[in-house]
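Input: a single structure, listed below in structure tokens.
Here, each number is a calculation from the coordinates, and none is a lab measurement. Please read all numbers here as calculations on a predicted model, not as lab measurements. Backbone-built Cβ (ideal geometry, glycine too); neighbour counts: all protein chains shown.
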Amino acid sequence: MLIIFMVSTNVLLWTFSQNAIYTQAAKDENQKFADRLNENIVALGGNYSVLGSEVTVKVILRNAGSVAVQIINLWVFDTTIQKYNNTVTPLNLNPGDNRPESVVVTIPGAGQNDTFTSWFVTARGNTVPLEKEQEGVIVAQLAQGIGSISMDFRQFRYYEAPNDNDGTDIGSPHYGFTIDSTKYTLLGVMLTNLDSSREAINLTGDSYIWAVARHVETLKSDQWNIRKVQDNKLASFDFQILEYGKPTIVYFGAAEASRSAGKVVPINILLFGRQGESDYGQNLPFIALRVT
Amino acid sequence: MLARRIPRIIFDKRAVSNVISATILTGVVIALSLSMFTWAQGRTSVYNREYKETVDAETAKLKEKLAFEYVFYGNPSHNITVYLLNCGTIDNVEIKNVYVSNSTWLSNPSFSTLKFLNGTEIADQDLDVGEEGYFVLSSLSTNLKTGAYYCVKVVTVRGVTFDSNFVA
């Protein structure tokens with residue numbers, strides 16, 4: 001009896017231990033499967049340029065998921081000549097990372113006017129297709145901008161500063177569209193450079209926000225000049241870089257909107273500067289403000 | 001004296017003493033028990049080993065994972081090139097068989113040696129963790145119909161199947 005008991009117990013315990021090993025392996029694989037499902041890489045703004053046999057793919061990669069992702073490969077298929085190739089692209093993205101990338105793939109015989117389709121491959125085996133940017137002028141989100149600049153009007157904020165001097169603390173932001181004409185108001189605007197050339201835009205001190213009240217006998221406007229803010233304090237302006245695809249808060253002011261008092265006025269943003277070797281100039285209608 | 005005692009011992013019909021009989025019986029029982037234990041242990045160890053091998057094999061199958069990076073059907077070569085990535089957690093994923101099929105047709109074409117993406121042949125003909133490779137399916141029983149939807153299924157040596165679809 002004792003022998004039977006010992007042998008049975010031995011077999012039973014061994015079976016349990018093996019089952020536990022298998023169960024643990026199954027759990028590990030389920031976790032890896034879940035991680036694979038949680039991968040969410042978005043490849044936006046795909047842009048192809050061809051020089052000889054080299055196809056340069058420019059793209060903005062965004063990790064919209066909750067797990068870090070390792071991208072290992074880019075495949076490019078030239079549908080015009082039915083040829084393809086791939087290149088190793090060791091890229092690592094943490095959740096929330098937003099990164100412009102440029103990758104070169106060699107496809108013999110590729111032409112500038114060919115049609116391409118591409119996808120990235122991640123280390124977990126997921127494929128991420130490239131979304132090609134629209135040709136011509138980039139159209140920003142509805143009611144949020146015209147041309148190369150996207151303006152997020154929901155992120156518009158203003159600050160009420162005691163004066164316009166450098167070093168003045170600007171206080172906390174206010175989110176709204178009513179400002180006080182008797183106070184020095186600093187306007188904060190979220191701008192994103194979506195220019196098709198993907199070059200950064202360098203705004204100079206000639207940029208400003210302006211507002212013209214209707215029904216005025218002479219055309220006078222209130223103006224907020226572009227300004228730098230450092231450590232929540234006003235600083236003298238030198239330059240403002242708008243990098244491609246990167247939302248940037250640009251400040252204008254501080255100024256009193258005395259000419260617009262008692263009116264609802266349209267706000268225009270005049271941006272002037274340099275883009276690459278060329279001048280950049282754009283005037284954009286933006287929001288409406290009530291000036292009390 | 002001794003000559004008279006020996007026949008007496010041999011022909012004496014009286015029983016052996018209780019202590020000796022108990023000792024002999026105990027010894028016999030212990031010997032039998034040990035032999036039975038050894039036999040049972042041998043049998044169960046065979047079972048344990050087989051069970052362990054089964055669990056190890058199933059665990060290895062769980063860990064195998066191949067991702068299809070790209071499947072390309074060449075025209076006019078009529079070959080299918082399959083690009084794979086070992087995104088699992090176990091090495092030595094070896095391909096045993098490949099099938100191409102659609103809803104009404106199945107083919108088991110021969111496949112070339114496994115190569116790295118740069119074209120060099122993989123020496124051990126298997127994909128370790130993180131390795132990418134490709135093989136070419138040729139000598140399909142029939143040319144694929146352009147624009148039709150097909151499935152390519154890869155069966156590994158460990159018995160796991162992976163499939164992907166492509167349009168010819």
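For the stretch A:1-90, the spread of Cα coordinates along the three principal axes comes to 84, 28, 20 Å, biggest extent given first.
For chain A, the longest principal axis of the Cα atoms and the long axis of helix A:2-38 meet at an angle of about 30 degrees.
Taking other C-beta atoms within 10 angstrom as a stand-in for reagent exposure, A:195, A:152, A:78 fall in the order A:152, A:195, A:78, fewest first.
Across peptide B:62-70, how many C-beta atoms of other chains are within 10 Å of each residue C-beta, on average? Display every interim value, and only then the final one.
Values: counts 7, 4, 1, 6, 1, 8, 3, 8, 8.
If you average over the peptide's residues, the count of other-chain Cβ atoms is 5.
Proximity of backbone amide H atoms, modeled 1.01 Å from N, is registered between residue A:97 and A:63 at under 5 Å, excluding neighbours fewer than 5 places apart on the same chain. Among A:33, A:153, A:237, the residue with the largest mean-square fluctuation in a Gaussian network model of chain A, with springs joining Cα atoms closer than 10 Å, is A:33. The angle between the Cα long axis of helix B:2-11 and the main principal axis of chain B comes to about 60°, on a 0 to 90 degree scale. Applying the Kirkwood pairwise sum to the alpha-carbon positions of the protein assembly as shown produces a hydrodynamic radius of 29.5 angstrom.
Take every DSSP beta bridge with both residues inside the protein assembly as shown and express the antiparallel ones as a percent of the total, to the nearest 5.
On the way: 118 of 123 bridges.
Looking only at bridges with both residues in the protein assembly as shown, the antiparallel portion is about 95 percent.
Per residue of A:111-124, count partner chain C-beta atoms within 10 Å of its C-beta, then hand back the mean as an integer. Don't skip to the answer; put the middle values down first.
Values: counts 0, 0, 0, 0, 0, 0, 0, 0, 2, 0, 8, 3, 5, 5.
Per-residue shielding by partner chains comes out at 2.
For residue A:54 and residue B:43, a Förster radius of 45 Å and the Cβ-Cβ distance give a FRET efficiency of 0.05, rounded to the nearest 0.05.
Calculated FRET efficiency, residue B:53 to residue B:89, Cβ-Cβ distance, R0 = 25 Å: about 0.80 to the nearest 0.05.
On the basis of the beta-carbon distance and an R0 of 60 Å, residue A:30 and residue A:236 show a calculated FRET efficiency of 0.55.
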